[in-house]
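Presented below is the structure to which this report refers.
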Amino acid sequence: MAITTLSGLGEANRLVVKVGSALLIEQGKARANWLATLARELAALRKRGTAVIVVSSGAIALGAAKLGLPRGGRGSLADAQAAASVGQVELARLWSDAFEAHGLVAAQMLVTIDDLEDRRRYLNASATLERLLDAGAIPVVNENDSVATEEIRFGDNDRLAARVAQAAQAEGVLLLSDVDGFYDRDPAQDGAELIETVEGVTPEIIAMATGGSKSGLGSGGMLAKLQAARIAERAGIALAIINGTHEAPISRALDAARGTLFLPQGEESARKAWLSGRLAPAGVLTVDAGCTEALANGASLLAAGLTEIAGDFRRGDLVAIHGAKGERLGQGLVEYTSEECRAILGLREDMQAEKLGYAPRAAVVHRDHMVRA
């Protein structure tokens, strides 16, 4: 079904609900009453036929309290990993108990960014989610912070929720925040207005979030939520930001149509949706103005248009594509290693064989393996 209104999310066949640690945990302990009302809402959705997936933070906060670690367990990477190891046990128990009260089974699923960046592992995660939903369970997903590093991680569960929605073929994502939705400026400022519907995450929309907005506090902030919305919209998934601080937050937001809905912007193929949602390019290819124009018209990226190579990558790795002024044009799967790219940088096809020692491939990044920004 096509979701065009905030209330329509309550009728989705599959829905991902993201819960941040600031909403779930207070002074190292779960907000038990709030969690109970949220679980009741999710159980009601499930009873009406909506398959629900929860993306939940909170493991580090819970574990830090149990271990007595300073700064909420975020004083160092080792502290965060240790806190997550302890806290994830408690977090799973909280959700299991909350859903068991309604006769539902919770399933824990921990992922790293590599699980959703690698195509084969992504498909495995998708199959696991499918089987759990078919069996009537409610998957509770979190980043595996006990093994994630500072360099290789999602870093926030907003983008993780959008990626999980892709993998689960969900129709909608609900991000529970500490404000009513996306505002045109910092909601604490006079005259700030809630934007109820967004048709595409444009540079103008991003500027509203980066111009001093403090809405959506957490590890990612509002910018991370916009990045999540961009991932979702390109996969044909509706995403909403609502206020999660109230009891029964979903009913409150959907019944009153209070929140911000980011509308789907078409639907890419499953492979291209996965590709556009990937977050960790191994390198950067910078191209000239002529190549930039050709890419905008749907062409492949050719070596003749390359002006600079950054990073160390292998054939098949994800690379970002930038224009001459550093603007991000897109990303794709590269057909050469970084060393080979440097060897043929700026060369026409008839000049590449001598440098490579073999006949050149059709493109450095083929259009079939590329998505535009």
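Restricting attention to the stretch 59-78, does a residue exist that is assigned to a helix (DSSP H, G or I) and of a type in the set (S, T, N, Q)?
Scanning the stretch 59-78, I find no residue that is assigned to a helix (DSSP H, G or I) and of a type in the set (S, T, N, Q), so the answer is no.
Of Ala296, Ala320, which residue is open to solvent by less than 10 Å² (accessible area, probe 1.4 Å), touching a strand residue (DSSP E or B) at 6+ places or on another chain (Cβ under 9 Å) and on the phi < 0 side of the Ramachandran plot?
Values: Ala296 fails: open to solvent by less than 10 Å² (accessible area, probe 1.4 Å).
After ruling out the rest, the residue left standing is Ala320.
Which residues, taken from the stretch 233-275, are open to solvent by 20 Å² or more (accessible area, probe 1.4 Å) and within 15 Å of His369 (Cα to Cα)?
Glu268, Ser269, Ala270, Arg271, Lys272
Please go through the stretch 1-41 and pick out each residue that is part of a helix (DSSP H, G or I) and either crowded, with 22+ Cβ neighbours inside 10 Å or without any contact (Cβ under 8 Å) to a residue 12 or more places away in the chain (or both).
Leu9, Leu23, Leu24, Ala32, Leu38, Ala39
Which is in contact (Cβ under 8 Å) with a residue 24 or more places away in the chain and acidic (Asp, Glu), of Glu117, Glu100?
The conditions single out Glu117.
Against the condition under 25 Å from the mean Cα position of the chain (by Cα) and either closer than 18 Å to Ala362 by Cα or of a type outside the set (A, V, I, L, M) (or both), how does Ile321 come out, does it pass?
Here the answer is yes, as Ile321 does meet what is asked.
Look through the stretch 152-165, keep the residues that are out of contact with any strand residue (DSSP E or B) (no Cβ under 7 Å at 6 or more places or on another chain) and open to solvent by 20 Å² or more (accessible area, probe 1.4 Å), and return whichever of them is nearest to Ala80 (Cα to Cα).
Gly155
On the basis of being farther than 20 Å from Ala224 by Cβ and modelled with pLDDT of 90 or more, does Glu193 make the cut?
yes
Of the residues Ile113, Ile53, which is crowded, with 17+ Cβ neighbours inside 10 Å, within 16 Å of the chain's Cα centre (by Cα), at pLDDT below 95 and of a type in the set (Val, Ile, Thr)?
The conditions single out Ile113.
(1) at pLDDT 95 or above; (2) among the aliphatic types (A, V, I, L, M); (3) within 17 Å of the chain's Cα centre (by Cα); (4) open to solvent by 60 Å² or more (accessible area, probe 1.4 Å): which one isn't true of Leu123, the others all being true?
(1)
If you check every pair at least six apart or on different chains, which have Cβ atoms under 9 Å apart with a residue in the stretch 288-316 that is over 21 Å from Thr337 (Cα atoms) and of a type in the set (Gly, Ala, Ser) first and a residue that is in a loop (DSSP other than H, G, I, E, B) and open to solvent by less than 20 Å² (accessible area, probe 1.4 Å) second?
That search, which allows pairs on different chains as well, returns Ala289/Gly323.
Out of all the residues in the stretch 129-146, which are in contact with a strand residue (DSSP E or B) (Cβ under 7 Å, 6 or more places away or on another chain) and within 19 Å of Asn157 (Cα to Cα)? Lay out the reasoning, then the answer.
Here is the first cut: in the stretch 129-146, the residues in contact with a strand residue (DSSP E or B) (Cβ under 7 Å, 6 or more places away or on another chain) are 129, 132-133, 137-144.
Hits for the stretch 129-146 are Leu129, Ile138, Pro139, Val140, Val141, Asn142, Glu143, Asn144.
Starting from the stretch 180-191, keep only residues that are open to solvent by 50 Å² or more (accessible area, probe 1.4 Å), then list their pairs with residues that are among the hydroxyl-bearing types (Ser, Thr, Tyr) whose Cβ atoms are within a distance under 7 Å, requiring at least 6 positions of separation or different chains.
Close Cβ pairs (under 7 Å, with a partner that is among the hydroxyl-bearing types (Ser, Thr, Tyr)) amount to Arg185/Ser213.
The values are calculated or read from the model by the stated rules, or taken from the named source; none is laboratory data. Just so it is clear, the structure is predicted and the values come from calculations on it, not from any experiment. As a convention, Cβ positions derive from the backbone with ideal geometry for all residues, glycine included, and neighbour counts pool all protein chains shown. Heads up: the accessible areas ignore ligands, DNA and RNA and are worked out on the full protein's heavy atoms, side chains in. Shrake-Rupley method; radii C 1.70, N 1.55, O 1.52, S 1.80 Å.
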